[in-house]
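Since every read-out is calculated from the coordinates, none of them should be taken as a lab result. Only a predicted model underlies this, so the values are computations on that prediction, with no experimental measurement involved. Using ideal geometry, Cβ is built from the backbone for each residue, glycine included, and neighbour counts are taken over all protein chains shown.
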Amino acid sequence: MTGEGEPLRVAVVGAGPAGIYLAEALSNQADGPVAVDVFDRLPTPMGLLRYGVAPDHLKMKNLGTTLQRALELDPVRFVGNVNVGYDVTVADLLADYHAVAYTYGAAVDRKLGIPGEDLPGSVAATHFVNWYSGHPDIADDVILDAESVVVIGLGNVALDVARVLIRDPEEMATTDIPDNVLQRLRESPIREVHIVGRRGPEAAKFTIKELREMGELAGVDAVCDPAYLDALGDIEAIEEKEVRRNVEVFKDWSTRTLTGAPRKVIMHFHSTPTELLGTDRVEAIRFTKPDGSTYDIPAQLVFRSVGYFGIPLPGVPFDDKNGVIPVVDHRVQGGTVEIGEYAAGWIMRGPTGVIGTNRSDAKGAATAILADRETLEARDVTPGSVFKLLDERGITPVLMDGWNAIDAAEIRKGGTRGNARIKIAVLEDLLAAAAGTDA
Ligand SMILES: Cc1cc2nc3c(=O)[nH]c(=O)nc-3n(C[C@H](O)[C@H](O)[C@H](O)COP(=O)(O)OP(=O)(O)OC[C@H]3O[C@@H](n4cnc5c(N)ncnc54)[C@H](O)[C@@H]3O)c2cc1C
């Protein structure tokens, strides 16, 4: 039982956009005191805003300022460097907090399930994105030793991957990408990026701004075979605006003459990957067309971008088929406690929507938690028990001042390349920066 005037204690698992928006919503919507600890396994907050959104999309990255402000709200505390499910269990959290909300995202790649998928040169988009974003999980460089590259997928992540590969590296130099990534991009011999999808141009999930950007990159010719568009008939008559606008861009590309630019991006549709060919590494990718015929694209690297997927957290109910936590109105179904577990963001909805979608989602989760306040406060909890456990287990959480120290160290590093910041990509270095023991 919580005493009069005591805060409702909420643990949020995952300091990505969904978790931070949830902390903000709890703080704004509550009519009594709340205390919200936002845990993350990394010493840095922001989730995929930091480790997903492409470095050259600076405007979107600016959302970090809004999320930072939310983390600085009085009732909110960032608790980084704590891997929930491992460093502390969900049961540990439930023993300390009245409510636990899961917002730990869905950052595992889906597999193609075809022969050759594990050959060297076959790279999951998640891995590549993590690498160029300076994610501390990635120890080794992605070696870009290819002239021709295939990116499989018709979503924005595929477009990000293709753009980072083909864009003039000097344009990337002004972003926050780590030095080693910039160096690899500068050395890259890549001349052709083929973007390939199973379905037709009308089914591409690209957003128009990002698609148009691809066709306007300096030093890059954008190519699309007009035959893919002929089958669609009158483009003007396509009712759905998003579809029509994408198709118009492909149409434009299909009528362009090559300018002799040093690099090319080439669209392919109605092509299902059936095999990655090669002996010691990828040499080509075989595709099947709807009429059963096959064709190969010679390429030394292939990036698989066919969707993100959630993974279960020990002790939390999980819908394996859809890769999400099952909920009704954000309340987890079949959990350890009847009322006390909630979910929001990608791990609840699946990997869809833009960053703002997580905000409305988080508001919904906050509404559910606050509506349950009386029942939650009747739960017997021992405030502070999780921090005691962390201490006993030798785990030092990175709190807000630690993250601010990392932030400041990255901004200092930025000065060396004349840009706003350069990311620190090694976990030990992040922890040293957080502790103020970095050089
Ligand atoms: C490559 C890519 C590019 C994107 N680009 C854009 C874009 O340009 N514009 C846009 O609007 N949207 C973009 N998105 C979508 C956007 O990033 C997501 O909508 C959003 O990040 C989802 O928020 P989330 O909080 O649910 O998950 P996440 O952002 O994934 O955050 C989850 C957090 O949980 C933490 N975590 C995971 N497991 C644990 C654990 N066991 N214990 C503690 N913490 C844990 C993770 O470290 C992470 O910080 C992009 C997504 C990707 C993948």
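³J(HN,Hα) across the range 19-26 via Karplus (A = 6.51, B = -1.76, C = 1.60, θ = phi - 60°), whole Hz, x for Gly/Pro?
x, 5, 4, 5, 4, 5, 5, 4
I'd like the distance separating the alpha-carbon centroids of the range 70-129 and the range 1-63, in whole Å.
About 14 Å separates the Cα centre of the range 70-129 from the one of the range 1-63.
For the range 85-90, what does the Karplus curve 6.51 cos²θ - 1.76 cosθ + 1.60, with θ = phi - 60°, yield as ³J(HN,Hα) per residue in whole Hz, taken in order and with x for Gly and Pro?
x, 10, 5, 9, 8, 5
Based on the Cβ-Cβ distance from GLU283 to GLU242, what FRET efficiency comes out when R0 is 51 Å, to the nearest 0.05?
About 0.90, to the nearest 0.05.
Would you mind classifying the range 109-307 by shape? Square roots of the alpha carbon gyration tensor eigenvalues, ordered a ≥ b ≥ c; an a/c under 1.5 is rounded, otherwise it is prolate if a/b is larger than b/c and oblate if not.
oblate
Add -39500 (n - 2.57) for each DSSP H run of 4 or more in the chain, then divide by its residues: what number comes out at 222 nm, to the nearest 500 deg cm²/dmol?
-9500 deg cm²/dmol
Over 21 Å between Cα atoms: which of LYS59/LYS111; LYS59/LYS423; LYS61/LYS423; LYS241/LYS321; LYS209/LYS251 fall into that group?
LYS59/LYS111; LYS241/LYS321
Once you order the gyration tensor axes a ≥ b ≥ c over the Cα atoms, which shape class does the range 59-133 get: rounded for a/c under 1.5, otherwise prolate or oblate by comparing a/b with b/c?
The shape class here is oblate.
Subtracting the Cα-Cα distance from 0.36 nm times the residue separation, let me have the gained length for ASN404 to LEU63 in nm, one decimal.
121.1 nm
Hey, which aspartates and glutamates would be in cross-link range of LYS388, C-alpha to C-alpha under 18 Å, not counting anything within fewer than 8 residues on its own chain?
Candidates past the 8-residue exclusion: ASP37, ASP40, ASP87, ASP92, ASP96, ASP380.
Please compute P(r) over all alpha-carbon pairs of the chain, binned at 20 Å starting from zero, and give each bin as a whole-number percent.
24, 51, 23, 1
Mind listing the long-range amide H neighbours of VAL12? Cut-off is under 5 Å, sequence gap 5 or more, other chains count too, H placed in the peptide plane at 1.01 Å from N.
The answer is ASP37, VAL38, PHE39, ALA101.
Could you give the length gained on full extension between GLU147 and ASP291, defined as 0.36 nm per residue of separation minus the Cα-Cα distance, in nm?
Length gained, GLU147 through ASP291: 48.9 nm.
Between the DSSP loop rule and a limit of at most 12 other Cβ atoms within 10 Å, which chymotrypsin sites (Phe, Trp or Tyr not before Pro) in the range 78-135 are left?
Counting only loop positions with at most 12 other Cβ atoms within 10 Å, the chymotrypsin sites (Phe, Trp or Tyr not before Pro) in the range 78-135 are TYR86.
For every other residue with a beta carbon closer than 13 angstrom to the beta carbon of LEU73, add +1 if it is Lys or Arg and -1 if Asp or Glu, then tell me the sum.
Overall, the nearby charge balance is -2.
If you take every DSSP beta bridge whose two residues both sit in the range 109-307, what share of them, in percent to the nearest 5, is antiparallel?
Beta bridges within the range 109-307, antiparallel portion: roughly 30 percent.
How far, in nm, would the chain grow between THR416 and GLN183 when pulled straight, counting 0.36 nm per residue and subtracting the alpha carbon separation?
Here the answer is 82.4 nm.
Give the range of the longest stretch in the chain that excludes all trypsin sites (Lys or Arg not before Pro) found in loop regions by DSSP and having at most 15 other beta-carbon atoms within 10 Å.
Value returned for the longest uninterrupted segment is 1-110.
For a label point 7 angstrom out from the Cα of THR367 toward its Cβ, which stretches of the range 24-48 have the backbone nitrogen within less than 18 Å?
Only 24-32 fall inside the zone, counting backbone N under 18 Å.
Place a label point 7 angstrom from the Cα of ALA203 along the Cα-to-Cβ direction, then list the residues of the range 155-182 whose backbone nitrogen is under 19 Å away.
Answer for the range 155-182: 155-159.
Scan the chain and hand back the longest stretch that contains none of the GluC sites (Glu not before Pro) lying in DSSP loops with at most 12 other Cβ atoms within 10 Å.
Within the chain, the longest run free of exposed GluC sites (Glu not before Pro) spans 73-215.
Starting from the Cα gyration tensor of the range 349-392, take the square roots of the eigenvalues, sort them a ≥ b ≥ c, and report rounded, prolate or oblate (rounded when a/c is under 1.5, otherwise prolate if a/b is larger than b/c, else oblate).
Oblate shape, in that a/c is at least 1.5 and b/c is the bigger or equal ratio.
May I ask for log10 I(q)/I(0) of the range 311-439 at q = 0.15, 0.17, 0.19 Å⁻¹, from a Debye sum over the Cα atoms as equal point scatterers with solvent left out?
Per q value, in the given order, log10 I(q)/I(0) is -1.01, -1.08, -1.10.
Along the Cα-to-Cβ line of ASN83, 7 Å from the Cα, sits a label point; which residues in the range 292-320 have backbone N less than 18 Å from it?
Inside the label zone: 310-316.
Based on the Cβ-Cβ distance from ASP429 to GLU72, what FRET efficiency comes out when R0 is 22 Å, to the nearest 0.05?
Computed FRET efficiency for ASP429 and GLU72: 0.35.
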